[in-house]
Structure formats: C-alpha cells, structure tokens
Amino acid sequence: MPDISNQYFTTSELAKMCGVTKHTLFHYDEIGLLKPEFINEKGYRYYSFRQSYFLDIIIVLKKAGSSLQEIKEFFQNQNAPQLVNLFKQKEIELGVELLRIKRMQGIMESAIQMTETSMEALRTIPSIEEHEVEYFIATPLQESDDKEFSIKLSEHRSYCEEHAIQHEFPIWTLISKESFESGRISWGYVANKLKELIADKKVITKPKGLYAVTDHIGPYDTVSETCSILKKFIQSKGMRVCGSAYTMDLINYFSEQNPDSFVIRISVEVTNN
C-alpha cells in the first residue's frame, strides 16, 4: 500500500492547489481525460504528483481556447511538434478573438459617447451644417415595414460580426431623395458608420457637403412629421434637397422603453438654388 499522504494528492487537495472544483476532476475522470492514479476500497480518488502537471497542461490549454476533445487527442500523442502546432492554431484563434473584443470595445465606446451627447444637446431647431464625407456599411431593405426592418437589421449585424467590421454603435437608416420629398418615408438601407473606409461591396458613401439637420423626438412611425418640418425649413432658406436623407438613432430601444422618448437625428443633403 503506497504512502498516500506523502506520494499522492486527494481530489480536494489537487482541486484546491490547481484552482478547479472537485466536480471538474470527476468529469475529467469520467471522460478519460485525467483518471486518478488509483481509487481505494472506499472509492476515494488519489492523484500522483506527475498528474498535477497533466492538470496544469489541461488548464493552460483550456485557457488558450482548446476543447476537452482537442486536449484529449493531444495527450494521446503528446510531443513537442504537436504542442507547437496546437499553440500556433490557438494563437491564430486568440488573435481573432482579440479583434472581436477590440471591435466590441469600440462599439461600446461610441454607444457611451452617443448617449451622453444626446442627453446634453438636442437639436430641436433645424440648422444647416457642413459635413465631411462619411462611409457606411449598409444593408438594403426591400420593404419598409417593421418585420422587414427587424430581419434585415439582424442580417446586417451578423454580416458585420462575421467580417469583423469596425463600425460605430448608432443605427442609421437611409431615405432616398424621392421618398423624403414625397413625404411617404421609406427606409432604403439600415447601416452603421465605419470607423475608416474598407473594401467591401456593402460600403456606401455619404457625400461631403451641406446638410439640413434636426432631431426627431418620438417613435419611428412619426419621423415623417419631423421630415415635413425639415422640408419647410429647407425651403425657407431658399435651398433644395439634392441627395439622400440620413437618420441616426441617438436614443432608441437600447436605452428607453417608451418610444416617445426616442431621439433620431435627421440630416438631408441640400444645395443652394
């Protein structure tokens, strides 16, 4: 009978030393990943010092993103070249994950900035502003109803995530010149502003130029009322619409439950007659 106290770890001792739970070790035993050195007549599990090193390898590989199956396969043919190949693969995967995290950090930063800004300075009085060129990743809408918008917004978000596209948080929509002038507002695209220009088939450009700008306060289905006010303002300035209209959600369903509290910034490209 081995000298248990000097040569082996109990399940509790090994779990505590390595920062895992006893249930984790039980699971590793069940799946054949790390079986105890021996089990006594009372069913208590005992692990050798060498097995503590195996557990250390498991913990490192798990933190690197390896699945238990991948770790098990590694142990079945453990050698230095295999470890290098496994770590190289995990390095690539961690790089992708780092890009995802940085992307989400950027989105969160722009969300904070957008929400704080919108709470401080609403543009309830229309004005004429000069805007620099901006680029958007955009998904076209076939219909203008709520169901279509929800479907396309979901598709749009998935596309941006799958392609790791760096964009700002606010949701934009584009309204054609014809739709804006007719008063029958119809969304043409759902979009997000890009942090920098990229090569992608879904990129569209918001031209540099003059824009009439105002904020709409209220639900989406009353945006046409604010567009009407903006049209009259443009006419009063002796100007005309020459391009698309753009709406940007400043405060929407992310931060407010009541649609009457939504804030949507509307800007439409204009020129002097």
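If only the Cβ of Lys and Arg carry +1 and only the Cβ of Asp and Glu carry -1, the dipole of region 161-273 around its Cα centre is close to 620 debye. A Gaussian network model of the chain, with springs between Cα atoms under 10 Å, assigns the largest mean-square fluctuation among GLU162, GLU129, GLU30 to GLU30. The share of accessible area on the chain that comes from carbon and sulfur is 52 percent, using a 1.4 angstrom probe. Between THR139, THR214, THR21, the Gaussian network model of the chain with springs among Cα atoms under 10 angstrom shows the greatest mean-square fluctuation at THR21.
Classification of the chain by its C-alpha gyration tensor yields a prolate form. The axis ratio a/c (a ≥ b ≥ c) is 1.5 or more, and a/b outweighs b/c.
For region 104-115, putting each phi into the Karplus relation 6.51 cos²θ - 1.76 cosθ + 1.60 with θ = phi - 60° gives couplings of 5, 4, x, 5, 5, 4, 5, 5, 5, 4, 4, 5 Hz, in residue order, rounded to whole numbers and with x for Gly and Pro. Which of the listed residues, TYR189, SER158, TYR253, is farthest toward the dipole's positive end in the chain, when Lys, Arg count +1 and Asp, Glu count -1 at the beta-carbon? Working it through, the farthest residue towards the positive pole turns out to be SER158. Place +1 on the Cβ of every Lys and Arg and -1 on the Cβ of every Asp and Glu in region 43-102, take the dipole about the Cα centre, and give the residue among SER52, LEU98, SER67 whose Cα lies farthest towards its positive end. Working it through, the farthest residue towards the positive pole turns out to be SER52.
Probing with 1.4 Å while keeping every protein chain in the model, the per residue accessible area of region 190-273 equals 48 Å². Note on region 59-151: Lys pairs 8 or more places apart or on different chains, Cα atoms under 17 Å apart, count 7. Using the Cβ of GLN51 as centre and a radius below 14 Å, the other residues enclosed give a net charge of -1, where K and R count +1 and D and E count -1. Among SER127, SER48, SER158, the residue with the largest mean-square fluctuation in a Gaussian network model of the chain, with springs joining Cα atoms closer than 10 Å, is SER48. Taking a ≥ b ≥ c as the square roots of the eigenvalues of the alpha-carbon gyration tensor, region 155-268 is classed oblate because a/c is 1.5 or more while a/b is no larger than b/c.
Remark: for residue pairs LYS16/LYS42; LYS152/LYS193; LYS152/LYS202; LYS202/LYS231, the C-alpha separation exceeds 19 Å in LYS16/LYS42; LYS202/LYS231. For region 94-180, the square roots of the Cα gyration tensor eigenvalues, ordered a ≥ b ≥ c, give a/c of at least 1.5 with a/b no greater than b/c, which places it in the oblate category.
Residues whose amide H falls under 5 Å from that of TYR135, counting only those 5 or more places apart or on a different chain, are LEU194, LYS206, with hydrogens built in the peptide plane. Qualifying trypsin sites (Lys or Arg not before Pro) in region 225-273, where qualification requires a DSSP coil assignment and no more than 16 other C-beta atoms within 10 Å, comprise LYS237.
Run the helix sum for the chain: -39,500 (n - 2.57) per DSSP H stretch of 4+ residues, divided by residue count, reported at 222 nm to the nearest 500 deg cm²/dmol.
On the way: 9 runs with 123 residues, N = 273.
The per-residue figure over the chain is -14500 deg cm²/dmol.
Helix 146-162 and the long axis of the chain differ in direction by around 50°, with both axes built from C-alpha atoms.
For region 5-133, report the accessible area per residue in Å² (1.4 Å probe, heavy atoms, rounded to an integer). Kindly include the intermediate steps, with their values, before the conclusion.
Working: 8630 Å² over 129 residues.
Dividing the accessible area of region 5-133 by its residue count gives 67 Å².
The values are calculated or read from the model by the stated rules, or taken from the named source; none is laboratory data. Every value quoted in this text rests on a predicted model; they were computed, and no experiment measured them. All Cβ positions, even for glycine, are placed from backbone atoms using ideal geometry, and neighbour counts span all protein chains on display. Protein only, heavy atoms only, side chains kept; ligands, DNA and RNA dropped before computing areas. Shrake-Rupley method; radii C 1.70, N 1.55, O 1.52, S 1.80 Å.
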